[in-house]
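The values are calculated or read from the model by the stated rules, or taken from the named source; none is laboratory data. Just so it is clear, the model here is predicted, and its values are computed rather than measured. Here the Cβ positions follow ideal geometry from the backbone for every residue, glycine too, while neighbour counts run over all protein chains shown. Ligands, DNA and RNA are stripped out before the accessible areas are found, and what is left, the full protein with its side chains, is counted by its heavy atoms. Shrake-Rupley method; radii C 1.70, N 1.55, O 1.52, S 1.80 Å.
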Amino acid sequence: MNFRFEDKLKLNRNKLLEFNEWILRNNIRETFEPREIFSIYFDTKNLQTYHDSSEGLVPRSKFRLRTYNFKSLIENEFNIEIKKSVNYGRLKSSKKLENTENALSCGIYLNNYGFCYPKIIVKYERIYYKLKNIRITLDKNIQFKNYSKFLEEGKFNNTCNLVVAEIKYSSKTELTDLFNKLPFEITRFSKYCIGLETLNLL
């Protein structure tokens with residue numbers, strides 16, 4: 001697993017202009033073209049990963065399948081991603097999934113949780129920035145829908161007025177005064193948790 005620190009900024013559409021101005025003012029550059037992220041989140045039957053995240057328990061894990069610019073189950077390849085929150089930061093692993101259909105129909109075993117099954121789909125547009133060794137991502141147009149085996153079907157709920165910025169770095173010494181004096185509130189939250197709540201699936 002790769003280790004990193006991760007600070008989350010919970011913005012909204014009204015704060016987006018202010019964030020973009022902050023990016024330009026500090027000469028922070030985009031690293032490559034924006035793309036749409038399409039994630040299928042897994043959980044236990046009693047939503048244990050949701051409850052652990054809501055309560056801020058550590059260690060805790062989050063599990064998803066992820067692809068980019070989704071078209072269909074046949075055309076897209078998915079990665080398995082596991083994010084583990086521990087006292088000292090975040091651990092993340094990602095690897096190519098060999099049999100997506102089997103994982104979606106039978107579930108996948110996650111250590112400390114047992115078998116997990118697909119619950120919701122989250123998609124959004126991600127923009128990538130970098131300043132020295134610090135990576136910044138901006139997620140907007142965040143939408144949710146209940147999982148269905150027919151991934152292309154069903155409407156997304158786009159009522160969430162949420163914009164997410166994340167600052168990712170491997171060492172506290174990488175942070176400059178620019179990041180130590182952010183004009184935005186750093187907070188803890190989860191797109192998966194917000195998705196379940198938005199869709200009234202609890």
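Numbers at a glance
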quantity: Residue in the range 67-84 that is open to solvent by 20 Å² or more (accessible area, probe 1.4 Å) and either within 20 Å of I186 (Cα to Cα) or part of a helix (DSSP H, G or I) (or both) present; calculated: yes
quantity: When residues of the range 165-177 are limited to those that are out of contact with any helix residue (DSSP H, G or I) (no Cβ under 9 Å at 6 or more places or on another chain) and not basic (K, R), the one nearest to I40 (Cα to Cα); calculated: E166
quantity: Test: residue in the range 26-40 that is at pLDDT below 95 and more than 22 Å from I136 (Cα to Cα); calculated: no
quantity: Residue that is modelled with the highest pLDDT, among those in the range 178-200 that are touching a helix residue (DSSP H, G or I) at 6+ places or on another chain (Cβ under 8 Å) and assigned to a loop (DSSP other than H, G, I, E, B); calculated: S190
quantity: Selection within the range 145-171 - within 16 Å of I127 (Cβ to Cβ) and either touching a Gly at 6+ places or on another chain (Cβ under 8 Å) or not in a strand (DSSP E or B) (or both); calculated: L162
quantity: Failed condition for N141, given (1) within 16 Å of the chain's Cα centre (by Cα); (2) farther than 27 Å from F70 by Cα; calculated: (2)
quantity: Search result, residues across the range 45-66 that are over 13 Å from the mean Cα position of the chain (by Cα), among the basic types (K, R) and open to solvent by less than 70 Å² (accessible area, probe 1.4 Å); calculated: R60
quantity: Qualifying residue in the range 26-44 (condition: among the aromatic types (F, W, Y), out of contact with any Lys or Arg (no Cβ under 8 Å at 6 or more places or on another chain) and open to solvent by 40 Å² or more (accessible area, probe 1.4 Å)); calculated: yes
quantity: Of the criteria (1) open to solvent by less than 60 Å² (accessible area, probe 1.4 Å); (2) outside any helix (DSSP H, G or I); (3) under 30 Å from R25 (Cβ atoms), which one L91 fails; calculated: (3)
quantity: Restricting the range 172-202 to residues that are hydroxyl-bearing (S, T, Y) and touching a residue at least 60 places away in the same chain (Cβ under 8 Å), the residue that is farthest from R13 (Cα to Cα); calculated: Y192
quantity: Residue count, the range 156-189 (criterion: open to solvent by 50 Å² or more (accessible area, probe 1.4 Å) and of a type in the set (G, A, S)); calculated: 1
quantity: Top-ranked residue in the range 107-144 [being of a type in the set (S, T, N, Q) and either in a strand (DSSP E or B) or within 30 Å of T159 (Cβ to Cβ) (or both); ranked as least open to solvent (accessible area, probe 1.4 Å)]; calculated: T137
